[in-house]
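Engineer: First the structure, which I've put down as structure tokens, then a few questions once you've had a look.
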Amino acid sequence: MIKMYARKLCTSSNKARNWFEKQKIDTEIANINGITRKDLIQILENTDEGFDTILRSPKKLPERTVEKIDYLKELSFNKGILFLQQNPSLLKTPIIFEENKIVVGFNEDQIRVFLSNSYRTCVKGLNYIPESS
């Protein structure tokens, strides 16, 4: 089942939640404050850039939060996981994942990875426009 970690007042989280509802896709939604070690490890296993993929952008954050991100980057993997569980405000939302699929943030093109292959093939066929001869 698809799982999404979100924040209540996060616009991107709400857009993702609405997208799944519109597509009639069952999704387990959990508050980012309760992110588990097991889920963090699964999420990180499916990222290309490790912690950087799931961390909020330092450009928009207060200095104290940026200092926490810098501190996190100095920690071992296991200590980093624990630190993120204790400081979930450092994480982007939503974080959506299932098996080996992950999307961080809301992007309507990227989130389509959670549609079934048969549905995506059907929609792709409907959008096909043959070239003129």
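Engineer: With the structure loaded, tell me whether Glu28 is under 18 Å from the mean Cα position of the chain (by Cα) and either of a type in the set (D, E, K, R) or in a helix (DSSP H, G or I) (or both) or whether it fails that test.
Structural biologist: In short, yes.
Engineer: Being assigned to a helix (DSSP H, G or I) and among the hydrophobic types (A, V, I, L, M, F, W, C) is the filter here, so list the residues in the stretch 4-25 that pass it.
Structural biologist: Step one: list which residues in the stretch 4-25 are assigned to a helix (DSSP H, G or I), which gives 11-23.
Those that are assigned to a helix (DSSP H, G or I) and among the hydrophobic types (A, V, I, L, M, F, W, C): Ala16, Trp19, Phe20.
Engineer: Pick from Ile96, Ile54: which is touching a Lys or Arg at 6+ places or on another chain (Cβ under 7 Å), of a type in the set (A, V, I, L, M), surrounded by 11 or more Cβ atoms within 10 Å (Cβ to Cβ) and under 24 Å from Leu115 (Cα atoms)?
Structural biologist: Unique residue meeting the criteria: Ile54.
Engineer: Take Thr36 and tell me if it is at pLDDT 95 or above and surrounded by 19 or more Cβ atoms within 10 Å (Cβ to Cβ).
Structural biologist: For Thr36, the condition - at pLDDT 95 or above and surrounded by 19 or more Cβ atoms within 10 Å (Cβ to Cβ) - is not met.
Engineer: Among the residues of the stretch 31-48, how many are over 19 Å from Ile111 (Cβ atoms) and not in a helix (DSSP H, G or I)?
Structural biologist: Looking only at that region, the number is 3.
Engineer: In this structure, does Ile25 turn out to be β-branched (Val, Ile, Thr) and under 13 Å from Phe97 (Cβ atoms)?
Structural biologist: Spelling it out, it is not the case that Ile25 is β-branched (Val, Ile, Thr) and under 13 Å from Phe97 (Cβ atoms).
Engineer: Follow-up question, since we're still on this one. Can we say Lys79 is modelled with pLDDT of 95 or more, more than 16 Å from Ser12 (Cβ to Cβ), of a type in the set (D, E, K, R) and out of contact with any helix residue (DSSP H, G or I) (no Cβ under 7 Å at 6 or more places or on another chain)?
Structural biologist: For Lys79, the condition - modelled with pLDDT of 95 or more, more than 16 Å from Ser12 (Cβ to Cβ), of a type in the set (D, E, K, R) and out of contact with any helix residue (DSSP H, G or I) (no Cβ under 7 Å at 6 or more places or on another chain) - is met.
Engineer: Sort out which residues of the stretch 25-60 are under 19 Å from Arg7 (Cβ atoms), aliphatic (A, V, I, L, M) and either touching a residue at least 40 places away in the same chain (Cβ under 8 Å) or in contact with a Ser or Thr (Cβ under 9 Å, 6 or more places away or on another chain) (or both), and write them in order of number.
Structural biologist: Within the stretch 25-60, Ile29, Ala30, Ile32, Ile35, Leu40, Ile43, Ile54 qualify.
Engineer: Going by what's in this entry, would Arg64 be described as loosely packed, with under 15 Cβ neighbours inside 10 Å and of a type outside the set (Ser, Thr, Tyr)?
Structural biologist: Yes.
Engineer: Sort out which residues of the stretch 1-15 are of a type outside the set (Lys, Arg), in contact (Cβ under 8 Å) with a residue 24 or more places away in the chain and more than 19 Å from Leu90 (Cβ to Cβ), and write them in order of number.
Structural biologist: Correct list: Met1, Ile2.
Engineer: So how many residues does the stretch 69-82 have that are part of a helix (DSSP H, G or I), surrounded by fewer than 16 Cβ atoms within 10 Å (Cβ to Cβ) and not polar (S, T, N, Q)?
Structural biologist: So the count comes out to 5.
Engineer: If you check every pair at least six apart or on different chains, which have Cβ atoms under 9 Å apart with a residue in the stretch 105-118 that is in contact (Cβ under 8 Å) with a residue 12 or more places away in the chain first and a residue that is outside any helix (DSSP H, G or I) and of a type in the set (Lys, Arg) second?
Structural biologist: As it stands, the answer is Gly105/Lys92; Val113/Lys101; Phe114/Lys101, since those pairs meet every condition given.
The values are calculated or read from the model by the stated rules, or taken from the named source; none is laboratory data. What you are looking at is a predicted structure, and each value in this text was computed from that prediction instead of being measured. Counting neighbours? That spans all protein chains shown, and the Cβs are built from the backbone with ideal geometry, glycine included.
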